[in-house]
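K.L.:
I am attaching a structure below and will ask some questions about it afterwards.
The values are calculated or read from the model by the stated rules, or taken from the named source; none is laboratory data. All of these numbers come straight from a predicted model, not from anything done at the bench. Glycine also receives a Cβ, built like all others from the backbone with ideal geometry; neighbour counts cover every protein chain displayed. Keep in mind that these areas ignore ligands, DNA and RNA; they rest on the heavy atoms of the full protein, side chains included. Shrake-Rupley method; radii C 1.70, N 1.55, O 1.52, S 1.80 Å.
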Amino acid sequence: MIASFACLALGTKAMSTLPFEQRRRETTAKLAALMLANAFIFQEQLSALRSSVRPIRSVLADRDFVGRTIEHWEMIIKDINYVPIFKVARDILRSLPASAGVDNSVRHLAGCALEIVSKKAALRHDLMGRIYHLLLLEAKYLGTYYTSVPAATLLLKLALDIDRWPNMNWSDRDELTKFQIGDLACGTGTLLMAASQALTDNFIKWDLSRGQSVDDSILRDLHKLIIEEMLHGYDVLPSAVHLTASTLALLAPDTCFERMSLYSLPLGKAKAGQVYLGSIDYISANTIETQLDLMIHGDDGGARASDESESVAPLPPLDLCVMNPPFVRSVGGNLLFGSIPDQRGQMQKELARRVKTNNLKASSTAGLGSVFTAIGDRHVKEGGRLALVLPAAVVTGIAWSKTRDLINHGYVLETVVASHDPERWNFSENTELSEVLLIARKRDKASDNSKVEHTTQFINLWRNPTTSAHSLAIAEQITKGAPAPLGTISKPRHGIAELVVGTRKYGETLEIPWADVKTGLWLGCTFAQTNLVRTAWMLRSGHFYRTGDNQVTPVAMQRLGDIAVLGPDRRDIADGFTISSGRTRYPAFMGHRAESVQTIQTTPNKWLSPRASAAAGRPLRDVTLLWGRAGSIMIAERSWLNTQRSLAVRLDIDALSNVWWPVRLRLKNELAEKVLMLWLNSTPGLLMTIAHRIPTRGAWIQFKKPTIENLPVLDIMSLPKSQLRQLAGVYDAVAGSDLNTITNMAVDPIRSDIDDAFAQVLNLPPLNDLRAELAEEPIIKLRPCIEEDVPLVPDAQLEFELI
């Protein structure tokens, strides 16, 4: 079994608990069986194309079936190629013990392969890739969250839309040969498969639009050109590269390919001392030395880089870099390079050194996705594109600021797709993390016209497509339709562009000038409903928008960090204090249980005791400095929007916290403090807070310290004293009353009173409709915006248009 671990580069020491190891071994055995079955399928397919390749049945007649199969696969590797497919499978067979049971099991796999080959349709739908995704036990541990087929189809259909490439002749063989697409974390090849299908669609559309015919022989030649000349895939798992090769080849099972630009890259520390980081090694080079044997393994079975460099993996300049990079991070208990635990520290240090030495615009705090994006950028041609699957935190997360800065200064962000589907916040399999699809065009300094006003299209999906057919239909609606302009202060726009396929609404799409988007956070996908995005966008710049009103109301806004100081985070507090069993001089407000926090005015619930000595492995923090940043306003550090009642509360005295950010006004003013607290619990305040969240997993959101400091809030210091008193009086009246949950805000009388007070003082329109709209957001109620299909009635629509 250790040999099987080695062949698949999965390691053996990552976890030590027995139940996990047992499951891990079972998973490895299943993956090995999958690789073998896949190789048998290809052997049978090749036997129909090459006389030198024996059909499976002829090999089954041999007494030493396993031995003869190994010899035959070695011949295929040497004389025909298909190395990524047959080499891993051959190494698995070599690692198996000689026994009747093993022989019978392998024969059974060969029989299953024959049955699959007989069903041609099964070969064209990434069958093996989907099985692989289901079998992979350690997705989170390895950071291998594989893109779903519908998401890949949608992303590549948009990225390779003909209109994005106006100078491309999609039927010219020479032009196609020069058009290079690469995936630096190809996994099982789902994104490359979708790229191949999108290229084929472009070819067919291009020829048919010019009256040219397309037959099967032309398509076979096209598939051969795409796979041999245009697509490039790289990964550190030989098993994944094996599946990539099969995924691509089975798109054209009747075609024999002479070569594939698919490479399993070294990962880990070689005996000579060199540290390999997989695709990250492309940080400063166009070619990586790799191994003919892909990977070798230490005595413990962990993946190791070979010292003998027998081949190279070139990375050409790319027209399109498409990736779903690894998600692993170096914080929060996550395991950056955790698949090689005994070398993890050395690899992290090497990564940090290379990022600094090469001045890479990336942060490992955000995860390897940030690093991979920056490396991809270095290999994309001017005028080329990045098409990425990334955590949704990229749009507002502080850790992702370097990635946003990279795109803001070197690209035009063309498209962002976000899922607001409570059943699937994600576009990857094996995860529930919120994700986005992102397409950005690299600026071409020679041809870009700075006077051209580019826009960014934000596509907010209410339903995340579950099939490729749905994705194709949605992509068609996106490319054919026009997004709704968000509008400006001087020219408000009210349109909503719906994405409707048949009788189902799949979402809404809007556009914002890129010049405005790149100056701050990418807020166009913060809400499912366009009206909420429009209201938050306007309010951020100091104007309140009302649906259907051609006027916007000025509202003085200010960064919270300009009028208040935030306290220390939980780690610093833990380094300076412990929880006391009795009353001390240091009150604290700990925890965020919905049943405990029901009013906006509350009291400390714990007491802290200064540490006499540092905790093990941690520094001792200065209690004086920590307590000097205590505050009486508490803003949630993280929250479940579907269960909480408030994201901000006020205490009667200053305190510290573990899951709240203590906030203290720079100028002590009790009236202003009360009004700020009232604003944060009003509908406009809540709207702005949620708009600036860091998405994590649907309703589970975070607020980092810089996020709160940059949060636009009502400029309370600019209000006349009479208005401060009036609003503070409302605070006093409602502070002790129980709030309803945020989910039920639409029917909460306390929130209605708060909103009415601000509407009166700030001369705003009634806020009931806005509060009801916000309550309908999927991240709050955990239900789709539309719960039932509404059949379209063409006659009624026509009658409506004619009236």
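K.L.:
Once fully extended, how much extra length lies between Ser51 and Cys112, figured as 0.36 nm per residue of separation less the alpha-carbon to alpha-carbon distance? Before the final figure, lay out each step's value.
P.N.:
On the way: separation 61, 0.36 × 61 = 21.96 nm, distance 2.27 nm.
Stretched fully, the Ser51-Cys112 segment lengthens by 19.7 nm.
K.L.:
To the nearest 10 degrees, how steeply does helix 83-95 sit against the main Cα axis of the chain, on a 0 to 90 scale?
P.N.:
Approximately 80 degrees, to the nearest 10.
K.L.:
Here are some pairs, Lys157/Lys480; Lys402/Lys491; Lys87/Lys157; which of them have Cα atoms lying more than 22 Å apart in this structure? Please report the intermediate quantities before stating the final value.
P.N.:
Details: Lys157/Lys480 13 Å; Lys402/Lys491 33 Å; Lys87/Lys157 32 Å.
Correct reply: Lys402/Lys491; Lys87/Lys157.
K.L.:
Treat the chain as a sphere of radius equal to its Kirkwood radius over Cα pairs and apply Stokes-Einstein at 10 °C in a medium of 1.306 mPa s; give the translational diffusion coefficient in µm²/s, rounded to a whole number. Write out the running numbers ahead of the final one.
P.N.:
Details: Rh = 28.9 Å.
Result for D is 55 µm²/s.
K.L.:
Using a Förster distance of 22 Å, how high is the FRET efficiency between Ser580 and Glu670, based on the Cβ-Cβ distance and rounded to 0.05?
P.N.:
On the way: r = 28 Å, r/R0 = 1.27.
Computed FRET efficiency for Ser580 and Glu670: 0.20.
K.L.:
Based on the Cβ-Cβ distance from Ala29 to Ser541, what FRET efficiency comes out when R0 is 41 Å, to the nearest 0.05? Write out the running numbers ahead of the final one.
P.N.:
Numbers: r = 59 Å, r/R0 = 1.43.
In this case the efficiency is close to 0.10.
K.L.:
Suppose each label sits 7 Å from its Cα in the direction of the beta carbon; what would the Asp753-Thr287 distance come out to in nanometres?
P.N.:
In this crude spin-label approximation the distance works out to 7.6 nm.
K.L.:
Using a 1.4 angstrom probe on heavy atoms only, work out the carbon and sulfur share of the accessible area of the chain in %. Mind showing how you got there, number by number?
P.N.:
Details: 16430 of 32520 Å².
Ligands and nucleic acids excluded, carbon and sulfur reach 51 percent.
K.L.:
If Lys and Arg each add +1 and Asp and Glu each add -1, what is the summed charge of the other residues whose beta carbon sits under 13 Å from the beta carbon of Ala746?
P.N.:
-3
K.L.:
In nm, to one decimal, how far is the Ser95 label point from the Ile786 one, both placed 7 Å along Cα→Cβ?
P.N.:
The two pseudo-label positions are separated by 4.9 nm.
K.L.:
Could you give me the ³J(HN,Hα) list for the stretch 624-640, computed from phi with Karplus coefficients 6.51, -1.76, 1.60 and θ = phi - 60°, whole Hz, x at Gly and Pro?
P.N.:
These are the phi-based 3J(HN,Hα) values: 4, 5, 5, 5, x, 10, 5, x, 9, 9, 10, 10, 4, 7, 8, 6, 9 Hz.
K.L.:
Which ³J(HN,Hα) values in Hz, rounded to whole numbers, follow from the phi angles of the stretch 158-168 under the Karplus curve 6.51 cos²θ - 1.76 cosθ + 1.60, where θ = phi - 60° and Gly and Pro get x?
P.N.:
6, 5, 9, 4, 3, 5, 6, 10, x, 9, 9
K.L.:
Residues with amide H under 5 Å of Tyr411's amide H, sequence separation 5 or more or different chain, H placed in the peptide plane at 1.01 Å from N; which?
P.N.:
Under 5 Å from the amide H of Tyr411: Arg443.
K.L.:
Name the long-range amide H neighbours of Arg385: under 5 Å, sequence gap of 5 or more, or other chain; modelled H, no Pro or chain starts.
P.N.:
Leu320, Cys321, Lys442
K.L.:
Report the full-extension gain for the segment Asp62 to Asp622: residue separation times 0.36 nm, less the Cα-Cα distance, to one decimal in nm. Mind showing how you got there, number by number?
P.N.:
Details: separation 560, 0.36 × 560 = 201.60 nm, distance 7.68 nm.
Difference between extended and current length: 193.9 nm.
K.L.:
Name the long-range amide H neighbours of Asn430: under 5 Å, sequence gap of 5 or more, or other chain; modelled H, no Pro or chain starts.
P.N.:
Sorted by chain and number, the residues that satisfy this come to none at all.
K.L.:
Using a 1.4 Å probe, what is the accessible area per residue for the chain, in Å²? All intermediate terms of the calculation are to be shown ahead of the outcome.
P.N.:
Working: 32520 Å² over 803 residues.
Per residue, the chain has 41 Å² of solvent-accessible surface.
K.L.:
For each pair in Lys271/Lys381; Lys224/Lys269; Lys361/Lys442; Lys505/Lys704, compute the distance between the two Cα atoms and list the pairs where it is over 27 Å.
P.N.:
Details: Lys271/Lys381 36 Å; Lys224/Lys269 37 Å; Lys361/Lys442 15 Å; Lys505/Lys704 34 Å.
Too far apart for the 27 Å limit: Lys271/Lys381; Lys224/Lys269; Lys505/Lys704.
K.L.:
How far is helix 401-410 tilted off the main Cα axis of the chain, in degrees rounded to 10, range 0 to 90?
P.N.:
That works out to roughly 70 degrees.
K.L.:
Lys178: which aspartates and glutamates have alpha carbons under 13 Å from its alpha carbon, excluding same-chain residues fewer than 8 sequence positions away?
P.N.:
The reachable aspartates and glutamates, counting only those whose Cα sits under 13 Å from Lys178, are Glu228, Glu229, Asp319.
K.L.:
Return the FRET efficiency for the residue pair Ser490, Lys349: r is the Cβ-Cβ distance, R0 is 41 Å, and the value is rounded to the nearest 0.05. Display every interim value, and only then the final one.
P.N.:
On the way: r = 53 Å, r/R0 = 1.30.
Efficiency, rounded to the nearest 0.05: 0.15.
K.L.:
Using +1 on the beta carbon of Lys and Arg, -1 on that of Asp and Glu, and nothing else charged, what's the dipole of the chain about the Cα centre, debye to 20?
P.N.:
Values: 88 positive and 87 negative charges, 484 e Å.
So the dipole magnitude of the chain works out to roughly 2320 debye.
K.L.:
Report the trypsin sites (Lys or Arg not before Pro) located in the stretch 22-98 that are in a DSSP loop and have at most 12 other Cβ atoms inside 10 Å of their Cβ, or state none. Mind dumping the intermediate values first?
P.N.:
Working: sites: Arg23, Arg24, Arg25, Lys30, Arg50, Arg57, Arg63, Arg68, Lys78, Lys87, Arg90, Arg94; in loops: Arg50, Arg63.
Those that pass, being in a loop and sparsely packed, are Arg63.
K.L.:
Quick check: the angle from helix 344-357's long axis to the longest principal axis of the chain, C-alpha only, nearest 10 degrees?
P.N.:
Its long axis makes an angle of about 70 degrees.
K.L.:
Here's a follow-up. Short version: ³J(HN,Hα) in whole Hz for each residue of the stretch 236-242, in order, from phi by Karplus 6.51 cos²θ - 1.76 cosθ + 1.60 (θ = phi - 60°), x for Gly and Pro, what are they?
P.N.:
8, 9, x, 5, 5, 5, 4
K.L.:
Starting from the 7 Å offset along Cα-to-Cβ, what nm value, one decimal, do you get for the label separation of Lys445 and Ser217?
P.N.:
4.8 nm
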